[in-house]
Amino acid sequence: MIVILKQNAEQNEVNALLKQLEDMGFDHHYSKGENSAIVGIIGDTSTLDTDDLKTIDVVADVKRVSEPFKLANRKFHPDNSIFNIAGRTVGEGHFSVIAGPCSVETVPQMTETAEAVKKSGASFLRGGAFKPRTSPYSFQGLHDEGLKILLEAKKATGLPIVTEIMNQAHLDLFEDVDIIQVGARNMQNFELLKELGKCNKPILLKRGLSSTIEEWVMSAEYIMAGGNEQVIFCERGIRTYETFTRNTLDLSAIPALKSISHLPVIVDPSHATGLPWMVEPLTKAAIAIGADGIMIEVHNNPKKALCDGAQSLTPQQFDNVMQTVKKRVEFEGKILG
């Protein structure tokens with residue numbers, strides 16, 4: 001249930017309403033935007049009479065929410081969420097570029113790639129220390145040693161880092177990570193999501209291989225219900241009958257999410273297609289359709305990469321894409337970085 005407050009509501013009146021809801025056993029989410037202020041009531045609101053709530057002086061209107069997700073719902077938070085992450089702004093009016101290799105392999109590989117993507121204008125450095133692979137015989141990442149190498153690259157370049165977590169038992173290792181990524185295969189690992197809800201770290205939530213938009217948003221709800229409201233969606237393609245590309249990039253998901261949720265949305269054209277030559281045109285499309293950022297795989301030597309080298313851009317190819325990104329972002333009236 002959503003309580004819409006009057007524009008001239010005094011803060012002491014708002015506090016009295018919140019206290020009244022708490023006394024009745026309800027949790028609440030207070031959101032004050034530029035033009036409106038609302039209180040989202042969380043819990044079994046079937047016992048609440050909307051007419052009774054409307055009689056309270058500070059209340060302008062009351063509406064019931066039919067969607068199963070609440071905290072991620074735009075009705076609960078009308079204004080777009082904007083996150084300040086290690087000095088970078090993610091969200092409305094800004095465009096973030098996350099770039100780096102699929103897997104952390106060596107110190108020279110990470111440092112060289114990090115310096116290259118920073119020079120081209122990347123906002124964040126990505127790299128996988130823990131790698132979920134379809135085959136148990138494929139390279140699984142360097143684990144905690146990979147995190148150390150990634151942190152060395154962060155120290156050398158100053159770029160905030162993004163890396164994937166696979167198990168809640170590893171959470172302590174991610175203390176110095178700036179954005180924790182939840183991969184497609186773990187989107188519905190609810191125990192992991194619950195633990196991430198307790199931490200004070202931004203979470204990059206990738207869409208599951210065959211997940212609906214509502215299932216994706218409900219996974220974000222798991223994190224937010226634990227108290228962590230810093231969730232960023234990442235559309236990375238879904239599994240369809242098409243075999244030309246690795247996955248099928250669902251660009252319609254971006255405006256769809258924007259219509260129902262206030263959380264930022266970025267696009268991963270590298271995983272979506274598996275084809276490096278498609279990264280630039282799909283990046284253009286992502287910017288045009290309103291995405292808040294992109295995630296691109298870049299490797300200093302893709303031919304020798306231990307993971308997903310075939311879909312990775314070289315530093316020069318990434319720099320070419322970034323020249324296009326800068327022009328398109330400026331045209332859309334957004335700020336890069």
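The values are calculated or read from the model by the stated rules, or taken from the named source; none is laboratory data. Quick caveat: nothing in here was measured; it's all calculated off a predicted structure. Methodologically, a virtual Cβ is constructed for each residue, glycine included, from the backbone with ideal geometry; neighbour enumeration extends over all protein chains shown. Each accessible area value is taken on the protein alone, full model and side chains, heavy atoms only, with ligands, DNA and RNA left out. Shrake-Rupley method; radii C 1.70, N 1.55, O 1.52, S 1.80 Å.
The figure for Ile213 is an accessible area of roughly 40 square angstrom, using a 1.4 Å probe on the protein chains alone. Amide H to amide H, with H built 1.01 Å from N, Asp27 comes under 5 Å of Ile42, counting only residues 5 or more places away or on other chains. Here the relative contact order of the chain, from alpha carbon pairs under 8 Å that lie six or more residues apart, stands at 17 percent. Averaging the sequence gap over all C-alpha pairs within less than 8 Å and six or more residues apart, then dividing by the number of residues, gives the range 246-308 a relative contact order of 36 percent. Summed over the residues of the range 91-188 and divided among them, the accessible surface reaches 40 Å² per residue at a probe radius of 1.4 Å. Computed over the range 69-169, the P(r) tail beyond 19 angstrom holds 52 percent of alpha carbon pairs. What the range 261-337 shows is 40 Å² of accessible area per residue, with the surface traced by a 1.4 Å probe over protein heavy atoms.
With a 1.4 Å probe and all protein chains left in place, how much of the accessible area of the range 167-228 comes from carbon and sulfur atoms, in whole percent? Kindly include the intermediate steps, with their values, before the conclusion.
Working: 1110 of 2580 Å².
Roughly 43 percent, rounded to a whole number.
Projecting the Cα atoms of Pro315, Asn35, Leu209 onto the charge dipole of the chain, computed from C-beta unit charges around the Cα centre, puts Pro315 farthest toward the positive end.
When the accessible area of the range 262-337 is split by element with a 1.4 Å probe, what percent falls to carbon and sulfur?
55
Computed with a 1.4 Å probe over protein heavy atoms only, the accessible surface of the range 22-61 comes to 60 Å² per residue. Between Phe26, Phe318, Phe130, the residue with the greatest mean-square fluctuation in the GNM of the chain (Cα pairs under 10 Å linked by springs) is Phe26. As a calculated quantity, the FRET efficiency between Thr55 and Lys304 at R0 = 51 Å, using C-beta atoms, amounts to about 0.15.
If the segment from Thr245 to Gln7 were pulled out straight at 0.36 nm per residue, it would be longer than the present Cα-Cα gap by 80.6 nm. Charge dipole (Cα centre; +1 on Lys/Arg Cβ, -1 on Asp/Glu Cβ; no other charges) of the chain amounts to roughly 1180 debye.
Across the chain, the longest piece that holds none of the GluC sites (Glu not before Pro) lying in DSSP loops with up to 10 other C-beta atoms within 10 Å covers 35-174. Note on Asp27: accessible area is roughly 100 Å² with a 1.4 Å probe, heavy atoms of protein only. Between Phe233, Phe244, Phe95, the Gaussian network model of the chain with springs among Cα atoms under 10 angstrom shows the greatest mean-square fluctuation at Phe244.
Helical runs assigned H by DSSP (4 residues or longer) give the chain a calculated mean residue ellipticity at 222 nm of -9500 deg cm²/dmol, each run adding -39500 (n - 2.57) before division by the residue total.
Carbon and sulfur together cover what percent of the accessible area of the range 1-123 at a 1.4 Å probe radius? C and S atoms contribute 45 percent here.
Annotation note: trypsin sites (Lys or Arg not before Pro) in the range 1-104 located in DSSP loop regions with a Cβ neighbour count of at most 13 within 10 Å are Arg64. Kirkwood radius, the range 1-54, all distinct C-alpha pairs, inverse of mean reciprocal distance: 11.6 Å.
Computed from Cα atoms, the angle from the helix 213-225 axis to the main principal axis of the chain rounds to 70 degrees.
Considering only Cα atoms, the convex hull volume of the range 207-337 works out to 124 Å³ per residue. As a calculated quantity, the FRET efficiency between Lys155 and Arg185 at R0 = 30 Å, using C-beta atoms, amounts to about 0.50.
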